[in-house]
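Rule-based calculations on the coordinates, nothing more; no lab input. Treat the numbers as computed from the prediction; the structure is a model and nothing was measured. Cβ atoms come from the backbone with ideal geometry, glycine included; neighbour counts cover every protein chain shown.
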Amino acid sequence: MKIRSKVFVIPNENIDTDQIIPARFLKVTDKSGLGANLFADWNPRPNPAGAAILVAGHNFGCGSSREHAPWALLGAGFRAVVSTQIADIFRNNALKNGLLPITVDPDLHAHLAADPGEVTIDLALQRIASSDGVFATFAIDPFAKHCLLHGVDQLGFLIAESDAIDRYESTHAARIVTTSSV
Amino acid sequence: MRTLVDKIWDAHVVRPPMPETPAILYVDLHLVHEVTSPQAFSGLRARGLRVRRPDRTLATMDHSTPTLPVPAVDPDGMKQLVELEKNCAEFGVPLYALGSDRQGIVHVIGPELGLTQPGMTIVCGDSHTSTHGAFGALAFGIGTSEVEHVLATQCLLQAKPLTMQVRVDGHLQPGVSAKDIILAIIAENGVDGGTGYVFEYTGGAIRALSMEERMTVCNMSIEGGARAGLIAPDDTTFEYVLRRPFAPRNLPIAEWRALSSDEDAIYDKTITLDASRLAPMITYGTNPGMGMPIDGRVPEPSSESERKALRYMGLTSGETLLGKRIDVVFLGSCTNSRISDLRLAANVLRGRRVSVRTLVVPGSQQVKRQAEAEGLADVFRAAGAEWREAGCSMCIAMNGDALSPGQYAVSTSNRNFEGRQGPGGRTFLASPLTAAATAVAGVITDARTVL
């Protein structure tokens, strides 16, 4: 998985998922079409103009657990988010959808935010490089990387462990008898 | 040597982590609501899967539900409610739908029904699932893909989080509450300080809190960046759980007492707070970390983002918020909509009139009925406040309860993000006491002056 693109920069820190996709757009029952409402309440609305890499300020994606946030970013054409810190739930949600959450040090972040031209992200090598020769490696959850590179379906992986789940259930007493009305 | 998180984690490992794969973690209770579940059920349907443990899954409706008895028609919101009803019927998931006397905010009904218990793993497609940690449960928010995973397998692929001890000692002064503790922690530690961690709240000031107050603290762990926050269970916990509908008839007290961090447990990090020196807190910016004592002055912005936040809020540094005119008071949300929150507010409003629009939204139908039985609803109505049906309401403004552009609100909810309570709306987060005192005066008021 290789992404080669110019970057789109939003320097603001602490961009929360309510900014990425406001709550009134969550009344959908599928995943498509959310890209049209990315950053819907910002004035002016950011215009990524074909960029696939978002370079955003510290602590991107904080706030709610809505997976609509990565769906909206992907819908608008982004395939990676680069920041100095990315919130936990957003990072998990992004990885489940093939949107790469990449954490870099402040120096590289400043360099990328200064729009250094084309940037290449190579997931297999865990390497991010700008066309002017600056590069770094980045950390990523090894299982998520494996799944993205080899098309492994995480739910399929869990279902394949059904025997282990059966064993767990048969050896551990239920903590609640039932959620059906009592 | 083990922390509380270690103990709960170890008891739920279905398969330990390998170099290339994370642990498989068993989920005891999966809570479901209408906004983050439709795509997960569609995923099951597309693959021909069943819900593995409908008997460990519970759904309710809260985010999009109207809080007026005669609802305004919102076709999109209604579509989600209908979809949830259909999905729960098809997959056999118990549902407390609109109209049920057990319906309410998912993080209010889990504890009040006795489903939330010490030592459990609890997940929900909602970041405020951290609330349930108040009972010594490991509880955290998940996205819709993970909702689908749990529906299908009752398990999650999880990397183990770090643990940060948040030690709060001392005694709260009159007029200072649990909400002020958590707002102070976030103001000091930042909205990013807990990223990668679970908070374990310890110390005398935490032990002294009631269960509902502990829920308020744990609820906003996510606002400090931590996916989960928890408190070791004690007699306060056991007394709360006892005799609730879904609680065990004989509580496993000995087992629950063992759920505390060992004395020689090592935390990955520890931070401390002295509750004795806390004043009521209020936020002035557009994230919950931009908070200060209510009698403080708006600080100098230290970044372009903070300058932007002050511009959005229409505030300047050096200004005091006391006396600032506001338009709406919102009393509600999974942070502060339980009976004790309503009692605090009613004590301030009794015999007084509100001078701005004030919405009081109970967290559940059970809270609503109890408040009506105790006469609190009469106090709110007599004061001129709007007494509503249970739901998330103006905390997330998906159901028609929303601020107009430019309006200021003092809100007992958890997020002051731009537009959170309605496009262009501006939110000051504070405690129920501060909200009630402000409702009376129409300007931001230090509740200590009216108690």
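Worth pointing out:
- Answer from B:Thr427, B:Thr438 - the residue that is outside any loop (DSSP other than H, G, I, E, B), within 12 Å of another protein chain (Cβ to nearest Cβ) and either in contact with a helix residue (DSSP H, G or I) (Cβ under 8 Å, 6 or more places away or on another chain) or crowded, with 24+ Cβ neighbours inside 10 Å (or both): B:Thr427
- The set of residues in segment B:116-170 being at the interface with another protein chain (Cβ under 9 Å from one of its Cβ atoms), buried (at least 24 other Cβ atoms within 10 Å of the Cβ), hydroxyl-bearing (Ser, Thr, Tyr) and more than 16 Å from B:Arg53 (Cβ to Cβ) consists of B:Ser127, B:Thr129, B:Thr144.
- When segment B:392-424 is filtered for residues that are within 20 Å of B:Gly314 (Cβ to Cβ) and not in a loop (DSSP other than H, G, I, E, B), the ones remaining, listed by number, are B:Met394, B:Tyr408, B:Ala409, B:Val410, B:Ser411.
- Taking segment A:38-55 as the range and being within 11 Å of another protein chain (Cβ to nearest Cβ) and among the small types (Gly, Ala, Ser) as the test, only A:Ala40 passes.
- Hits in segment A:68-103 - residues which are outside any helix (DSSP H, G or I), closer than 23 Å to A:Ala23 by Cβ and facing chain B (nearest Cβ under 10 Å): A:Ile86, A:Ala87, A:Asn97
- Some residue of segment B:136-159 being within 23 Å of A:Asn59 (Cα to Cα), in a loop (DSSP other than H, G, I, E, B) and out of contact with any Ser or Thr (no Cβ under 9 Å at 6 or more places or on another chain): yes
Yes/no matrix, rows are residues, columns are (1) within 13 Å of chain A (Cβ to nearest Cβ); (2) of a type in the set (A, V, I, L, M, F, W, C); (3) over 22 Å from B:Gly193 (Cα atoms); (4) surrounded by fewer than 20 Cβ atoms within 10 Å (Cβ to Cβ):
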residue: B:Arg227; (1), (2), (3), (4): yes, no, no, no
residue: B:Thr237; (1), (2), (3), (4): no, no, yes, no
residue: B:Leu278; (1), (2), (3), (4): no, yes, no, no
residue: B:Ile294; (1), (2), (3), (4): no, yes, yes, no
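- The condition of being under 26 Å from B:Asn219 (Cβ atoms), more than 14 Å from every other protein chain (Cβ to nearest Cβ) and in a loop (DSSP other than H, G, I, E, B) holds for only one of B:Ser333, B:Ser337, that being B:Ser337.
- Residue check for A:Pro142: of a type outside the set (A, V, I, L, M) and under 29 Å from B:Val150 (Cα atoms): yes
- Residue tally, condition assigned to a strand (DSSP E or B) and facing another protein chain (nearest Cβ under 9 Å), over segment A:1-37: 1
A quick yes/no check of all residues on (1) in contact (Cβ under 8 Å) with a residue 12 or more places away in the chain; (2) buried (at least 19 other Cβ atoms within 10 Å of the Cβ); (3) assigned to a helix (DSSP H, G or I):
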| residue | (1), (2), (3) |
| --- | --- |
| B:Pro17 | yes, no, no |
| B:Glu20 | no, no, no |
| B:Ile24 | yes, yes, no |
| B:Phe41 | yes, yes, yes |
| B:His63 | yes, yes, no |
| B:Pro66 | yes, yes, no |
| B:Pro69 | yes, no, no |
| B:Glu83 | yes, no, yes |
| B:Val108 | yes, yes, yes |
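- Selection from segment B:18-41 of residues that are farther than 20 Å from A:Phe157 by Cβ and facing chain A (nearest Cβ under 8 Å): B:Asp28, B:Leu29, B:Val35, B:Thr36, B:Pro38
- Single match in B:Ala46, B:Ala59 (criterion: farther than 28 Å from B:Ala402 by Cα and either more than 22 Å from the chain's Cα centre (by Cα) or in contact (Cβ under 8 Å) with a residue 24 or more places away in the chain (or both)): B:Ala46
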